[in-house]
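Worksheet: one structure, shown below.
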Amino acid sequence: MEEKIILYENQKDCCGCAACASVCPQDAICMEEDREGFLYPQINEQKCIKCKKCVKVCPVKKQHESVFLGTDRVGIITLYYENNNYGGMAQAYALWRLINDLGYDAELITYKRLVKSQAARASLIEKVRRNTIKSLMARYTKKIKNVLEKKIGKNWEDALRDRTKRLKEFRESIPHSKTYTMANINECASQYSIFVSGSDQIWKPGVVDGAFVFSFLDGIPGKNIFSYASSVAVTTFPDEYQRFMKKELTKYSAISVREEKNAAQLSDLLGYKIVNVCDPTLLLSPDQWQGLA
């Protein structure tokens with residue numbers, strides 16, 4: 001069954017400070033009067049996203065029990081910024097939810113890529129080697145098909161506008177940081193003690209850059225850096241990509257990727273075992289997804 005957040009079992013366990021209502025990102029908690037006129041928080045289950053910020057901020061609970069693991073804050077980086085792909089948003093939500101449910105204060109790092117990554121681009125020779133006539137024909141046939149569908153499709157623009165609006169609302173409901181670019185992403189170093197490279201294709205050649213492998217943490221001690229289901233999405237690694245990843249991934253405490261073949265390739269590149277795991281969307285139960293829906 002879908003998990004329910006319990007703020008208190010008895011009214012004597014609540015001081016009525018309204019800290020939980022103030023911190024709720026969804027305005028899902030309101031303070032309601034009891035028979036004697038005292039205010040106590042009530043959760044609207046339809047609005048609640050189970051972020052547990054209300055539980056973590058409660059001063060009464062902090063006095064009597066450890067409700068989360070120390071003061072560790074977790075910054076998750078993935079393709080979150082203005083992502084209008086429902087799969088991309090589902091994986092971002094799922095990874096945040098899983099880490100949050102472990103008891104950590106987690107949020108998505110809102111990272112805006114300004115330019116295409118130079119570090120992982122393929123050379124001209126490598127591009128020619130990869131782009132056979134068959135693959136080029138398939139790629140451009142798909143592009144032409146997409147253009148025709150957009151022009152012919154009835155009410156396509158209205159449908160897209162509505163879809164974009166709904167995705168923005170969902171994206172904003174996931175706890176996230178302010179927007180960073182490569183120019184100021186180093187400010188994140190002081191915000192979190194644990195950093196996670198998330199799922200989706202953030203390690204794909206041409207997409208991956210320094211932020212997606214936390215290059216701004218190089219030389220900074222005391223940071224725990226992990227990858228969960230980071231996706232490479234291709235099976236041919238450009239030479240520059242291999243040099244870049246071999247250097248940057250040395251700081252990671254543990255690495256997992258989404259594709260089995262890429263796990264084997266990175267294992268060979270780094271010289272130790274890299275595992276492949278399922279996408280985080282598959283780790284939430286049907287009840288959890290249904291509850292969100």
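The values are calculated or read from the model by the stated rules, or taken from the named source; none is laboratory data. In this text the structure is predicted, and so the values were computed from the model without any measurement. Virtual Cβ from ideal backbone geometry, glycine too; neighbours counted across all protein chains shown. These area figures cover heavy atoms from the full protein model, side chains too; ligands, DNA and RNA do not enter into them. Shrake-Rupley method; radii C 1.70, N 1.55, O 1.52, S 1.80 Å.
Counting only residues that are touching a residue at least 24 places away in the same chain (Cβ under 8 Å), under 22 Å from the mean Cα position of the chain (by Cα) and assigned to a helix (DSSP H, G or I), how many does the stretch 231-264 have?
Of the residues in the stretch 231-264, 5 are touching a residue at least 24 places away in the same chain (Cβ under 8 Å), under 22 Å from the mean Cα position of the chain (by Cα) and assigned to a helix (DSSP H, G or I).
Restrict the check to the stretch 216-224 and report whether at least one residue is assigned to a loop (DSSP other than H, G, I, E, B), crowded, with 18+ Cβ neighbours inside 10 Å and not polar (S, T, N, Q).
no
Evaluate the following for PHE195: is it out of contact with any helix residue (DSSP H, G or I) (no Cβ under 8 Å at 6 or more places or on another chain) and in a strand (DSSP E or B)? Explain how you work it out, then say what you get.
Working: out of contact with any helix residue (DSSP H, G or I) (no Cβ under 8 Å at 6 or more places or on another chain): no; in a strand (DSSP E or B): yes.
No, not satisfied.
Which of the residues spanning the stretch 1-30 are over 28 Å from the mean Cα position of the chain (by Cα) and closer than 15 Å to VAL60 by Cβ?
Within the stretch 1-30, TYR8, GLU9, ASN10, GLN11, LYS12, ASP13, CYS14, CYS15, GLY16, CYS17, ALA18 meet the criteria.
Please pick out the residue among SER253, SER227, SER177 that is open to solvent by 30 Å² or more (accessible area, probe 1.4 Å) and either over 24 Å from LEU114 (Cα atoms) or of a type in the set (Ser, Thr, Tyr) (or both).
SER253
Do we have any residue at all in the stretch 112-134 that's modelled with pLDDT of 85 or more and either farther than 15 Å from ILE77 by Cα or out of contact with any Pro (no Cβ under 8 Å at 6 or more places or on another chain) (or both)?
Residues of the stretch 112-134 that are modelled with pLDDT of 85 or more, as a first pass: 112-113.
If we keep only those that are either farther than 15 Å from ILE77 by Cα or out of contact with any Pro (no Cβ under 8 Å at 6 or more places or on another chain) (or both) too, we end up with 112-113.
Among the residues of the stretch 112-134, at least one is modelled with pLDDT of 85 or more and either farther than 15 Å from ILE77 by Cα or out of contact with any Pro (no Cβ under 8 Å at 6 or more places or on another chain) (or both), which makes the answer yes.
Can you tell me which residues in the stretch 169-187 are under 19 Å from ALA92 (Cα atoms) and either in a loop (DSSP other than H, G, I, E, B) or under 15 Å from the mean Cα position of the chain (by Cα) (or both)?
Scanning the stretch 169-187 gives PHE170, ARG171, GLU172, SER173, ILE174, PRO175, HIS176, SER177, LYS178, THR179, TYR180, THR181.
Cβ-Cβ under 9 Å, sequence separation 6+ or interchain: first residue in the stretch 33-47 and in contact (Cβ under 8 Å) with a residue 24 or more places away in the chain, partner part of a strand (DSSP E or B) and open to solvent by 40 Å² or more (accessible area, probe 1.4 Å). Which pairs?
TYR40/MET31; TYR40/GLU32; TYR40/GLU33; PRO41/CYS30; PRO41/MET31; PRO41/GLU32; ILE43/CYS30
Within the stretch 75-98, take every residue that is of a type in the set (Phe, Trp, Tyr) and not in a helix (DSSP H, G or I) and give me the one that is surrounded by the fewest Cβ atoms within 10 Å (Cβ to Cβ).
Among them, the one singled out is TYR81.
With the requirement that a residue be buried (at least 16 other Cβ atoms within 10 Å of the Cβ) and assigned to a helix (DSSP H, G or I), what does the stretch 271-282 give you?
Within the stretch 271-282, PRO280, THR281 meet the criteria.
Please pick out the residue among ASN184, ASN146 that is modelled with pLDDT under 90 and over 22 Å from CYS51 (Cβ atoms).
ASN146
Would the stretch 260-270 turn up any residue that is surrounded by 16 or more Cβ atoms within 10 Å (Cβ to Cβ), touching a Pro at 6+ places or on another chain (Cβ under 7 Å) and of a type outside the set (Val, Ile, Thr)?
The answer is no, given that none of the residues of the stretch 260-270 is surrounded by 16 or more Cβ atoms within 10 Å (Cβ to Cβ), touching a Pro at 6+ places or on another chain (Cβ under 7 Å) and of a type outside the set (Val, Ile, Thr).
Those residues that are under 14 Å from the mean Cα position of the chain (by Cα), on the phi < 0 side of the Ramachandran plot and hydrophobic (A, V, I, L, M, F, W, C), I need them from the stretch 214-230; list them, please.
Within the stretch 214-230, just PHE226 meets the criteria.
Among residues belonging to the stretch 9-32 that are touching a residue at least 40 places away in the same chain (Cβ under 8 Å) and not aliphatic (A, V, I, L, M), point out the one that is least open to solvent (accessible area, probe 1.4 Å).
CYS14
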